[in-house]
Structures are given as structure tokens and as C-alpha cells.
2 protein chains.
Amino acid sequence: MNTIGESTKALISARRRLIGGNLSISYKDPLQIVRGDMQYLFDDTGRRYLDGYNNVPHIGHCHPAVREAAAEQLSKINTNTRYLHENLQRYAEALTATLPPSLSVCYFVNSGSEANELALRLARTHTNAKDMIVLEAAYHGHTTTLIDISPYKADGPGGAGHPPWVHVVPNADVYRGPYKANDPAAGIKYAEAVAERIETIHARDARLCAYIAESCPSVGGQIIFPAGYLSAVYGHVRKAGGVCIADDVQTGYGRIGSHFYGFEQQEVTPDIVVLGKPIGNGYPLGAVITTPAIAASFNNGMEYFSTFGGSTVSCAVGLAVLETVKNTGLQAHAQQVGAALLTRLRPLADRHSLIGDIRGSGLFIGIELVTDRETLTPATEAATEVINRMRSAGVLIGTDGEFHNVLKIRPPMPFGFDDATVLVDCLDTVLGEIST
Amino acid sequence: MNTIGESTKALISARRRLIGGNLSISYKDPLQIVRGDMQYLFDDTGRRYLDGYNNVPHIGHCHPAVREAAAEQLSKINTNTRYLHENLQRYAEALTATLPPSLSVCYFVNSGSEANELALRLARTHTNAKDMIVLEAAYHGHTTTLIDISPYKADGPGGAGHPPWVHVVPNADVYRGPYKANDPAAGIKYAEAVAERIETIHARDARLCAYIAESCPSVGGQIIFPAGYLSAVYGHVRKAGGVCIADDVQTGYGRIGSHFYGFEQQEVTPDIVVLGKPIGNGYPLGAVITTPAIAASFNNGMEYFSTFGGSTVSCAVGLAVLETVKNTGLQAHAQQVGAALLTRLRPLADRHSLIGDIRGSGLFIGIELVTDRETLTPATEAATEVINRMRSAGVLIGTDGEFHNVLKIRPPMPFGFDDATVLVDCLDTVLGEIST
């Protein structure tokens, strides 16, 4: 049982009056978070929480590198890309150095939504086509066009359905889908759905603009694609003249441990990569990186200018985050801690029948809860109960997936071995409480 | 003649390789800006420039209030709106206190583009209609849907034209349009075009969603609407069931001197107000404020969440900017300096036949250059020449308008009386050089 203090109650009441109602607050007993320190958060009573959820503070809550970079640049000059400044070039150099050589032209914006919007504009201008292939339960952002291509929104509560130029393919989900993890050809089989949709597009006398997918679908349920999936998909897409967009907003910068970007694990090179959330560690920052050919198509006479995108401060912060990720070995850390976390989580499945699947890579982990391991009936209410009880016990995680039955573990990257033990023990206890 | 140093040449070359080509750089001889101080900018050689152009650093380049607010909050906690934090409520309270009482519900985003995108979504959800009425040469942002409603882009170079649900009305431009400044009914007459477009919409069996306009069109050419224009427009729009959106991104926060927001000068209360650029003084920040009724319509089951929008740092910076504007009398300052600037500019029209019109309010000023005062033929090349020569002389202004022939003066708000003299003298000299 948590105690909600008077100041928290007052904030909830003010928020109801002043802020749009469709912005929900996490947890049954909302948290007033007043301080952060790497992988820990502190509420207004001084209580500490282990943060197993927030991927935006990638290098850690309140990392000094971000504060120092922002404060220093804010004292010199914060201006836009209509003037020259070395920060833009330094950041673009550092970022493209982490990517395949073909991805060499950068655009900087202020969020993942702005980045996906731009990726779509690049693809449309390059292909002169409009039809998109997207994944079931995908979420790519909150603008009108991005909701159109986000079945999680368009086909969810309050949605108006997706338009006819959006073609939804099943997720390559080896737990819930028809082809299972033990099928070595699962990737190729899931990719067949893309080939079929391309036929549908041609049948309606249209052409494929692009295939877009999160490199590991996060909102879709912390899904790890089977080997060979994206490579087969990209083959179909390119044959049809389409562009391959990798939304690496959730998976970039070493989170998945084995690779720096999610798409690398699938052994593909996208035509457009979209980055967001972690790259600014909370400073509003997004980036789109593409090939010279696509950039040339986009340079069709219409200016592309973002007032804040690529500003001297944005780039200073972006560079500080990237250098910290690189210089402090966070990718290797994520791989080691993530592996330990998975190893400690797996035995829980023997003790708790609610656990249907445990999956992940590095510090990108999902635990799917089901009421029945045969029918895979989603245990949505139990998942909500788990995260609320864990919050009461001082450990923060979330839920996601089409049925909101997947426990989402995606901590700040400094999350360590001891934290993994705390999280697993807490989950073990809570699952025990629920099943009794 | 300017000397472009080696480091500047290297930056230009790196930029061509690393950054999308449709992001142009200001001035024939690009500037490498390395330091800012209130209304002054400094290049890499230490040369000082008077900034008569940048409206984003509203309270001044590198204002300490922004640096301190950002650095302090970055050291405590930078997190999102899924948790409670007093900064969100404090900022929303302070912001709504500057607005008419009916505008009481806030949404915070990361840019003016994100804000206009959201405004459109609010209007569509509330009216369940799609057709928009927009101004000629208007610019509202860089997303797919915003380009659709921005004739400056959709009907400009590289544009695909505006879609059938977008209806463009002439600007209420008393210099270039059919009804002139000396016609007391000009406002009502220009508004007639909106009534006519509503008929067109009904004739195509559609309904009006919204009318959107910058309160003083800036990209459209620093235009000041005639009295009574927006009030007549809003009457037509509301009669047709449409929503009135005021894009006050360029004109908010006291810039126009006489009022805190541009729409107030027109004596109207919009249904949705959109804010951007100056409200974060360069920190990526945008806001949408609407009525409880529209917010209730939008709360239809679909979540609206912006990862960075309304974050603890965004709100700390937003609050610091707003408090500085309020506590240091910047609106009154803009009114006084703007009036002095206009008074000193007007005699230039007697000496320089290129000057067709001088207009403005507060520190939002436009000088329209024409080759012929009868035909009003735009002096586009001369305008470009003027800003480049002024840049060489150490004074930065820009051009805009449908024909890029309007000198745009929109300095950081600390711009003072002496700066006004420097700017006017420089313009006087440069116009003298050009005409000889």
C-alpha cells in the first residue's frame, strides 16, 4: 500500500484541470518523481525506486555529461543551422561513423515523431509512391500521418482505422505467431506476408513506397525478430522499388547489447534509419540518416528546416551522449547485464505459470504473461497488477504489446548486476502473491 | 567584402557531405557564429553582429535565466509526464494565466510543427470534419500534413500542390491586396473570401474543420491584418461549425508590443492557440492551448503522449522564459523600441524608391521592396542584395514573403533604441549604395 501525500493529490487535481485528459499517468498510485541518479528515481518523500523502465535517460538519469554539455553550450551560443557551427559537423561525423558507410547524410529534428515524419517524406519523394507496409501493433509517432501508419493507434481506441495506402502485416512474433522459435525458416516465412502485400499493392494499381518497422518492436510487445526476417523482407521491398526504413528509436545506441543498432542484429542495411529517445538522454532530439541518393531526391527545391533541429545545443548534447555511450562501454555492459538478467528470469517460468515467454536482447527485455500456456490467452489484468505491485515494492517496469500483457524492461543503461537481482527477486515475489 | 576563413570553408564542405542539401545557409558569405550575448552575435573571428533577425532567442541570446533553469533541472531530474512533477503544473498555470479564460487546457510538445500538427488533430477530432481554410503563402510546419496546409510549401518549389480539402484564401494584405489601408472596411472585405470558401466546401458536400492563420503572417511577408479582419473571419468560421486556430508561434510573448499575443490585437479569442519558437528561447518547446470542450472531444480513448513534451526540463525552461518576459517588461520595451524603429525607418521611404511599404507592430517589422511603386513589382534581387550588404556591415536581417522581397526585422527582444539607430543607418547606407 502506498501513501499518496497531499502535494501529490494537489498535482493530480491541477493536472486534470490544466492538461489534456488523454495523457495518462503511470501506475494506480501515481509517482511524484523529484530526483534521478543514473538507474534510480526518487519520489517526493525521498523513497528510492529502481528504474527498470525508462530508456530515454539512456546513459543514466541526470548524467553530468548532459548537464555540462547543455550548460556550457547554452552559455556560448544556442542558434540554428542557418549559420555554420562545428557542433553540427562534429555530431554528424560521430553519428555516421556508427553507421554503415551508405548511411551518410543526416537530418536533425526534435523527436522520434518528427524523425519518422521526415523519413516518410524522404521515402515518398524518392519513390514517388505512397503505399506503406507496416507491422501489426506498430507505433511510429503522434502526427496525423504517423498515426495512419501506426496500427497501435489507427486501429486502437479512438482510432479511425488505417487508410487504404497502409498495409498491415503480422508481426514476426515467434511466440504468438504461426511460426515458432524452433522453426529455422520462421524469418523467411514471416517475410512472405510482405511479398503478399506487395501483390495487393500492385493489384490496386499502386506502387510500394516503403516498409517501416522498429528493429525490435517495443510497443508491439518487446519482440525480437527471428533470424533472416528483415533480410528477406528487405529483399522483397527492394525488388518492388520500395525503401527500407529502420525505426531504431527504441533499440539504438547499444541497448540490445550484441550490436549498436537493432537492424545490425538482423544483418541488414536500411535505406533510412530513424533515431530518437535515447540519443538526447531526455533533451528533445531525433535524427534521420539516409543515403546520398535518397537525400538527393529529397533536395527537390523545397527547403527542409527545423528551427531547433541541429541547433548548437542539440548537437552538443547529442555528441556528449554518443561519446559517453562509446567511451564507457555501455553496449558491452548492456550485453552482460542483459544476459545475466535473462538467465535469472528464466527459472521464474518454472515457478509461475503466468509467464508465457521471456525474450530479449541486452537491456531490451519482454516477459509475456498469459492465463493459459496453450491458448496463449493474454493475462492483461495480471500484467497491470504486477507492475503496480512492483512499483509499491520500489521497482519500476511497464506493460506493452497489443494486449498490454507484456512486461517491458528497458532500464537506463547503467542498470547493473545487483539491480538485475533486485528486479528478478521483486518480480518473483509479486508473481507469487498474485497466483495465490 | 567578407573574408571566409579556412575553418568556415571546411565547415561548408563537411556540411555538403553530411547534411541534407535542402537546408540552406543564410547569406552569400555564410556566418560561423560561435558566441551570442542578448541581441548580439559573434563570429569565429570575434566580429560582433547586431541581430535584427532571430526571434527564437526571445529574451536574448544566451540569457542566463535559461542556462540556469536548464542546468539546475538537469541536475535534479529530467523525466516525462507519465510521472507527476510540479514544473508541469506551474508552467501550465503561468501560461494559461496569460491567455483568455476559455483557453485553459495545455498540451506541451517540442516544436511549432508538432504543435500545429496537434492543433489540427484537435480540430479534426472535435469537428469530425477535414476541410481547412488557410492563407496564401502561409507556412505552418514541416510535417506531411502541415505542408498540405502550407501554400508556401505545397504550392512552392518541389511542392505537389495542396490537396482538395485545403482551401486557400488571399492574405489580408492592405499593401498588395485589393483593399488598401485607407479602407476602414478592408478587414471585413478580406474576410468575405473565407465566407466564399465555406460555400465552396459545402458545395463539395464537405464541412469546415478549421481556419488557421498566423496572427501576423511572418513567412507570408510580415503582414499586419487590418482591424476587424479576424473577428469577421471567426464569425464566418464559427457559423459554419469550424474551429478557429491562431498560430502565434512568431508573434506571441509580447513581440508585437501592443499585446502579449498577436490574436489579441485583432480582438478575437481563438479556440486553439499554437505557440513555439520564442517560448523556449531556443530549447525545443511548443505548446497548444485549447478550450475544455475541444480537449474533451480529443480525449476519445486514444492516448496523446510526447516523450519530451512537458518534461521537467522543458517546463523549467519554459517557465524561466515566461517569467523573464513578464518580469523584465519586455512587451513594453518592444512597443517603445518598435515604435522608435518605425519612426526612424519611415523617412527612408522618401529617399529610397525601392521601399514600397514599411509596416509592423512592436519588434515585428517588414519593409517591402518594389521596383515600381505603382505596379508593386517585387524587388526580390534587391532584397537579397540588401541583406547581404547589411550582413557585411555587421547587421543581420532576413527576407521573406511570397516573393522574398520583404525585409524581415524580428530581433531578440532586448534590441534597444541605439540598436534601432544602427540598423536604420545601415539600411539607409545600403539602399543608397544599391540605387546608385
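Scan A:Thr127, A:Thr81 and give me the residue that is assigned by TED's automatic domain parsing to the domain that holds A:Val273 and buried (at least 24 other Cβ atoms within 10 Å of the Cβ). If you could, list the steps in order and put the result at the bottom.
Numbers: A:Thr127 fails: buried (at least 24 other Cβ atoms within 10 Å of the Cβ).
Result: A:Thr81 is the single residue among A:Thr127, A:Thr81 that is assigned by TED's automatic domain parsing to the domain that holds A:Val273 and buried (at least 24 other Cβ atoms within 10 Å of the Cβ).
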Cβ contacts < 9 Å: first residue among the acidic types (Asp, Glu), restricted to region B:299-317; second residue buried (at least 19 other Cβ atoms within 10 Å of the Cβ) and in a helix (DSSP H, G or I), any location; separation 6+ or different chain. Result? B:Glu303/A:Lys153
Just a yes or no: is a residue in region B:19-37 loosely packed, with under 14 Cβ neighbours inside 10 Å and either closer than 18 Å to A:Gly310 by Cβ or touching a Lys or Arg at 6+ places or on another chain (Cβ under 6 Å) (or both)? yes
Take the conditions aromatic (Phe, Trp, Tyr), within 24 Å of B:Gly309 (Cβ to Cβ) and assigned to a helix (DSSP H, G or I) and apply them to B:Tyr107. Does it pass? no
Looking at B:Val134, is it more than 9 Å from chain A (Cβ to nearest Cβ), outside any helix (DSSP H, G or I), at pLDDT 95 or above and in contact with a Phe, Trp or Tyr (Cβ under 9 Å, 6 or more places away or on another chain)? yes
May I ask you to verify whether A:Asp248 is at negative phi, out of contact with any strand residue (DSSP E or B) (no Cβ under 7 Å at 6 or more places or on another chain), acidic (Asp, Glu) and touching a residue at least 24 places away in the same chain (Cβ under 8 Å)? no
Of the residues in region A:147-165, how many are among the hydrophobic types (A, V, I, L, M, F, W, C) and either out of contact with any strand residue (DSSP E or B) (no Cβ under 8 Å at 6 or more places or on another chain) or surrounded by fewer than 19 Cβ atoms within 10 Å (Cβ to Cβ) (or both)? 3
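For the structure I just gave you, tell me whether B:Leu95 is in a loop (DSSP other than H, G, I, E, B), buried (at least 21 other Cβ atoms within 10 Å of the Cβ) and either without any contact (Cβ under 8 Å) to a residue 60 or more places away in the chain or in the same structural domain as B:Phe298 (by TED's automatic domain parsing) (or both). Working first, answer last.
Details: in a loop (DSSP other than H, G, I, E, B): no; buried (at least 21 other Cβ atoms within 10 Å of the Cβ): yes; either without any contact (Cβ under 8 Å) to a residue 60 or more places away in the chain or in the same structural domain as B:Phe298 (by TED's automatic domain parsing) (or both): yes.
The answer is no for B:Leu95.
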Provide a single number: the residues in region B:245-297 that are small (Gly, Ala, Ser) and in a helix (DSSP H, G or I). 6
Residues (of a type in the set (A, V, I, L, M) and within 7 Å of chain B (Cβ to nearest Cβ)) located in region A:89-100: A:Ala92
Within region B:298-308, is there a residue that is modelled with pLDDT of 95 or more, within 23 Å of B:Val233 (Cβ to Cβ) and not in a helix (DSSP H, G or I)? no
Positions within region B:299-318 being buried (at least 19 other Cβ atoms within 10 Å of the Cβ) and under 18 Å from A:Ser150 (Cβ atoms), in sequence order: B:Met302, B:Tyr304, B:Ser306, B:Thr307, B:Gly309
Output the number of the condition that B:Gly242 fails; it satisfies all remaining conditions of (1) among the small types (Gly, Ala, Ser); (2) within 9 Å of another protein chain (Cβ to nearest Cβ); (3) over 30 Å from B:Asp425 (Cβ atoms); (4) touching a helix residue (DSSP H, G or I) at 6+ places or on another chain (Cβ under 9 Å). (2)
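Which one is farthest from the other protein chains (Cβ to nearest Cβ) among residues in region B:296-315 that are closer than 16 Å to B:Arg121 by Cα and aliphatic (A, V, I, L, M)?
So the first thing to find is which residues in region B:296-315 are closer than 16 Å to B:Arg121 by Cα, and the list is B:296-306.
When the remaining residues are screened for being aliphatic (A, V, I, L, M), the result is B:296, B:302.
Numbers: B:Ala296: 7, B:Met302: 3 Å.
Among them, the one singled out is B:Ala296.
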Suppose we keep only residues that are closer than 17 Å to A:His142 by Cα and of a type in the set (A, V, I, L, M) within region A:247-287. Which one would you say is surrounded by the most Cβ atoms within 10 Å (Cβ to Cβ)? A:Leu285
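Being assigned by TED's automatic domain parsing to the domain that holds A:Ile201, of a type outside the set (Lys, Arg) and modelled with pLDDT under 95 narrows it down to one residue among A:Gly141, A:Gly177, A:Gly156; which is it?
Numbers: A:Gly141 fails: modelled with pLDDT under 95; A:Gly177 fails: modelled with pLDDT under 95.
Unique residue meeting the criteria: A:Gly156.
I'd like the residue in region A:38-72 that is of a type in the set (D, E, K, R) and free of Cβ contacts under 8 Å to residues at least 40 places away in the same chain and, out of all such residues, is surrounded by the fewest Cβ atoms within 10 Å (Cβ to Cβ).
A:Asp44
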Only one residue in A:Phe364, A:Phe403, A:Phe417 is of a type in the set (Phe, Trp, Tyr) and farther than 27 Å from A:Ile25 by Cα, so which one is that? A:Phe417
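Which of the strands (runs of 3 or more DSSP E) contained wholly in region B:1-88 include at least 2 residues that are more than 7 Å from chain A (Cβ to nearest Cβ)? Steps first, answer last, please.
Numbers: elements: B:33-37, B:40-43, B:48-51.
Because the criterion is at least 2 residues that are more than 7 Å from chain A (Cβ to nearest Cβ), the strands (runs of 3 or more DSSP E) in region B:1-88 that meet it are B:40-43, B:48-51.
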In this structure, does A:Gly221 turn out to be within 14 Å of chain B (Cβ to nearest Cβ), part of a loop (DSSP other than H, G, I, E, B) and among the small types (Gly, Ala, Ser)? no
Could you please give the count of residues in region A:143-170 that are part of a loop (DSSP other than H, G, I, E, B), more than 10 Å from every other protein chain (Cβ to nearest Cβ), in contact with a helix residue (DSSP H, G or I) (Cβ under 8 Å, 6 or more places away or on another chain) and not hydrophobic (A, V, I, L, M, F, W, C)? 4
For region B:110-124: of the residues being at the interface with another protein chain (Cβ under 8 Å from one of its Cβ atoms), surrounded by 22 or more Cβ atoms within 10 Å (Cβ to Cβ) and of a type outside the set (Ser, Thr, Tyr), which is nearest to A:Thr145 (Cα to Cα)? B:Glu117
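The values are calculated or read from the model by the stated rules, or taken from the named source; none is laboratory data. These figures come from a predicted structure and were not determined experimentally. FYI the Cβ positions are ideal-geometry reconstructions off the backbone, even for glycines, and counts take in every protein chain you see.
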